[in-house]
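Following: one structure in structure tokens, then a few remarks.
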Amino acid sequence: MIYGTPVEQIDPGEAVLQELARTAGHVQWLYEKMQEVEDDYGKDTALQQSTKLGRTPAVWVDLYYRERQHLLSVAKTAASMGIQERQIRLAEEQGRLLADVIRSFMQDPDLGLSPEQMVKAPELMRRHLAAIPMSTKPKSQAPSILLEDGLLADTPREDFLDAEVVDETFEDDPED
């Protein structure tokens, strides 16, 4: 595929959700990369760099900050589009469809449930459905950037730059 090649039509909501997931992955990766640099070279070197313009945020810090801002922007877009509400409506509809299928299955004469089994079946079904985990996705190891109300925390860039530089050299990592 060539860069910029159009793909099949995509629903705008799906495009935003894909971008949200992709950007959250970028933020997590950049956070982990900053941790690696800090572990290898120390906090001072990891946070700042010397340039012709003076002391500036290190490349990873700058990318992390920019990607977090993009994540915040995409999250706001998703919220303004009502994507979460649409997902809830879709889940409710899927739940209704599943209940209809289960009900039809239990009442199917070919199954031949006895009256006693028909009485027990709904409670048994509820118990088994309740045992299904709500999410099969692994928990993210990314830093906590979501606030209780579901919005992203807005941490000023300067919060990353409170370290004094001890050593201005940044040696190449022999493992790279």
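Taking the beta-carbon count within 10 Å as an exposure proxy, list 92, 32, 19 from fewest neighbours to most. Write down the numbers at each step before the final one.
Details: 92 10, 32 14, 19 17.
Starting with the residue having the fewest Cβ neighbours, the order is 92, 32, 19.
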Query raised in the report: Each residue of region 40-47 in order: what ³J(HN,Hα) in whole Hz does its phi give by Karplus 6.51 cos²θ - 1.76 cosθ + 1.60, θ = phi - 60°, with x for Gly and Pro?
Result: 7, 10, x, 5, 4, 5, 5, 8
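Stretched out fully, how many nm does the piece from residue 18 to residue 104 gain, at 0.36 nm a residue minus the Cα gap?
Details: separation 86, 0.36 × 86 = 30.96 nm, distance 3.57 nm.
Going from the current span to full extension adds 27.4 nm.
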Query - Estimated inter-spin distance, residue 35 and residue 92, nm [label 7 Å along Cα→Cβ] - result: 3.9
Query - J(HN,Hα) series, region 107-120, from Karplus relation 6.51 cos²θ - 1.76 cosθ + 1.60, nearest Hz, glycine and proline x - result: 8, 5, x, 5, 6, x, 5, 6, x, 5, 5, 5, 6, 6
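Based on the Kirkwood radius over alpha-carbon pairs, what is the Stokes-Einstein translational diffusion coefficient of region 41-94 at 10 °C with 1.306 mPa s viscosity, in µm²/s? Don't jump to the answer; show the numbers that get you there.
On the way: Rh = 14.1 Å.
Reported coefficient: 113 µm²/s.
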Requested in this report: Collect residues whose amide H, placed 1.01 Å from N in the peptide plane, falls under 5 Å from the amide H of residue 58; neighbours closer than 5 in sequence don't count.
Outcome: 48, 49
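Would you kindly state how much longer the chain becomes between residue 80 and residue 56 on full extension, computed as 0.36 nm times their sequence separation minus their alpha carbon distance, in nm to one decimal?
Details: separation 24, 0.36 × 24 = 8.64 nm, distance 3.44 nm.
Result: 5.2 nm gained on full extension.
Every number here is computed from the coordinates shown, using simple stated rules; none is lab data. Remember, it's a predicted structure, so these values are computed and weren't measured experimentally. All Cβ positions, glycine included, derive from the backbone under ideal geometry; neighbour counts span all protein chains shown.
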